[in-house]
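The values are calculated or read from the model by the stated rules, or taken from the named source; none is laboratory data. The shown structure was predicted, so the numbers you read here are calculated from the model rather than taken from an experiment. All Cβ positions, glycine included, derive from the backbone under ideal geometry; neighbour counts span all protein chains shown.
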Amino acid sequence: MTNLDLRSDTVTRPTDAMRQAMMTAEVGDDMMGEDPTVNLLEQRMAEMFGHESAVMACSGTQSNQMAVRIHCQPGDELLIHSTGHICNFEGGAPAALSGVSVRTLGGEGGMLNTDELNGMIRANDQHFCRTRLVCVENTTNIGGGRVYPLQTLQEIAAWTRQHNLHLHLDGARLFNAIVAADYSAATIGSLFDTISICFSKGLGCPFGSILIGNEETIQRARRVRKLFGGALRQSGFIAAAAIHALDHHVDRLVDDHRNAQRLADGLRCLPGISGLAETIESNLIFFELAPQLGTAVQLAAALREHGILIGPMGGQRVRLVTHLDIPNDSIDRIIGAVSDQISSGFSKQPVLGRGPFSK
Ligand SMILES: Cc1ncc(COP(=O)(O)O)c(C=O)c1O
């Protein structure tokens, strides 16, 4: 039986059609600006979001940190939700790569709002760092796979403009938000100074991200990308995968969202599972396991024996992610397997190794 890997949407393998697109890509030296496929992708993404320019990056971490470096000087501070990827899962990069400190804020579902932001700008005084940047994550990851309402984004954008701050969007899963919400790419583009988007999550590419912004910002981003070791040569092979994904893997994200909702609805009925949202807004599901059943790591180890991989998040918390390699007809098998483990007392089985970890 094939494995069903729900630890993350980063685990997808390129489809045959994507591999074919990569194989036949026209390529050149991108650092000389001569890779036609990279140029096409960058132009397409800039136009889609109503910006002047875009630059491909190796990873979401790299494109986010390029943005931090562009918008801030050493000694500056950025504002971000306490669950944000940029401050929790990028190896301390704001401090390590840009000398930037981070101030974390609250807000439901990993989402900032202007009530949280109000009063958080440091006074202009030699004692304090300068508040320079606000970072938003859409969809939220650890915040619960939530999709920002347009009005909240508009309010945050107005607030940052009013206070002369920069606004960056970590849109690792932005296309999930766009297919789930009632806003267009151009509307989102008009609100942010820079947008980072990953091709290697729901869109199913092997790697690659992009940073979008105005011409001057992206010129500076190219210098930073080089500095961070991310300027590549014949990267058109990867750009071709991204172009294929834009053509074939965006609309189908609604299937992942529907599957996530079905999965959540099935799991909600099982004894000892709690904390599942009624409405699943994108492709991420989080739940809590009752302590008397066992830990999330124990459940993950038991399910692995049956070819199902889940993401223990520490303690009782579990994350499941639907994606391109989780077919519609696998949802009942997953619910059935979790149900079987709960009724058979999975915590009595020994855990070999540390168990999988995914954020
Ligand atoms: C919200 C968010 N931002 C950024 C990233 C970073 O992407 P990468 O793993 O490609 O560096 C991730 C990866 O999981 C993410 O979930």
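Of note:
- Residues that are away from the ligand (no atom under 13 Å from the Cβ), under 22 Å from Asn283 (Cβ atoms) and not assigned by TED's automatic domain parsing to the domain that holds Gly275 do occur in the range 110-124, at least one of them.
- Qualifying residue in the range 73-82 (condition: at negative phi, within 18 Å of the chain's Cα centre (by Cα) and either without any contact (Cβ under 8 Å) to a residue 12 or more places away in the chain or assigned to a loop (DSSP other than H, G, I, E, B) (or both)): yes
- Hits in the range 48-72 (condition: away from the ligand (no atom under 16 Å from the Cβ) and among the charged types (D, E, K, R)): Glu52
- Checked against the criterion of being within 25 Å of Val147 (Cα to Cα), crowded, with 18+ Cβ neighbours inside 10 Å and not assigned by TED's automatic domain parsing to the domain that holds Leu40, the candidates Glu281, Glu288 yield just one match: Glu281.
- In the range 13-37, residue nearest to the ligand (Cβ to nearest atom) [restricted to those that are surrounded by 12 or more Cβ atoms within 10 Å (Cβ to Cβ) and without any contact (Cβ under 8 Å) to a residue 60 or more places away in the chain]: Arg19
- Of the residues examined, Thr12 is not one that is farther than 30 Å from Ala302 by Cβ and either at pLDDT 95 or above or assigned by TED's automatic domain parsing to the domain that holds Leu211 (or both).
- Among the residues of the range 167-203, those identified as within 14 Å of the ligand (Cβ to nearest atom) and either without any contact (Cβ under 8 Å) to a residue 40 or more places away in the chain or surrounded by fewer than 20 Cβ atoms within 10 Å (Cβ to Cβ) (or both) are Leu169, Gly171, Leu174.
- Check on Thr10, out of contact with any Phe, Trp or Tyr (no Cβ under 8 Å at 6 or more places or on another chain), within 16 Å of the ligand (Cβ to nearest atom), closer than 24 Å to Leu191 by Cα and among the hydroxyl-bearing types (Ser, Thr, Tyr): no
- Selection within the range 83-105: residues that are away from the ligand (no atom under 12 Å from the Cβ) and assigned to a loop (DSSP other than H, G, I, E, B). The member of this set that is farthest from Arg173 (Cα to Cα) is Gly99.
- Selection status of Gly208, within 25 Å of Asp115 (Cα to Cα) and within 11 Å of the ligand (Cβ to nearest atom): no
- Residue list for the range 38-66, filter: of a type in the set (Ser, Thr, Tyr) and buried (at least 21 other Cβ atoms within 10 Å of the Cβ): Thr61, Ser63
- Flag for Thr217 being within 23 Å of Glu108 (Cα to Cα) and either in the same structural domain as Ile335 (by TED's automatic domain parsing) or more than 15 Å from the ligand (Cβ to nearest atom) (or both): no
- Of all residues in the range 131-166, those satisfying the criterion of being crowded, with 23+ Cβ neighbours inside 10 Å and in a strand (DSSP E or B) are Leu133, Val134, Cys135, Val136, Glu137.
- Ser330 vs. criteria modelled with pLDDT under 95, assigned by TED's automatic domain parsing to the domain that holds Ser282 and away from the ligand (no atom under 16 Å from the Cβ): no
Residue by residue, here is whether (1) surrounded by fewer than 17 Cβ atoms within 10 Å (Cβ to Cβ); (2) in contact with a Ser or Thr (Cβ under 6 Å, 6 or more places away or on another chain); (3) in a helix (DSSP H, G or I); (4) modelled with pLDDT under 95 holds:
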residue	(1), (2), (3), (4)
Leu320	no, no, no, no
Asp325	no, yes, no, no
Ile335	no, no, yes, no
Ser339	yes, no, yes, no
Ser343	yes, no, yes, yes
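- Subset of the range 30-66 [within 21 Å of the chain's Cα centre (by Cα) and among the hydrophobic types (A, V, I, L, M, F, W, C)]: Leu41, Met45, Ala46, Met48, Phe49, Ala54, Val55, Met56, Ala57, Cys58, Met66
- Against the numbered list (1) charged (D, E, K, R); (2) more than 23 Å from the chain's Cα centre (by Cα); (3) crowded, with 23+ Cβ neighbours inside 10 Å, Arg69 comes up short only at (2).
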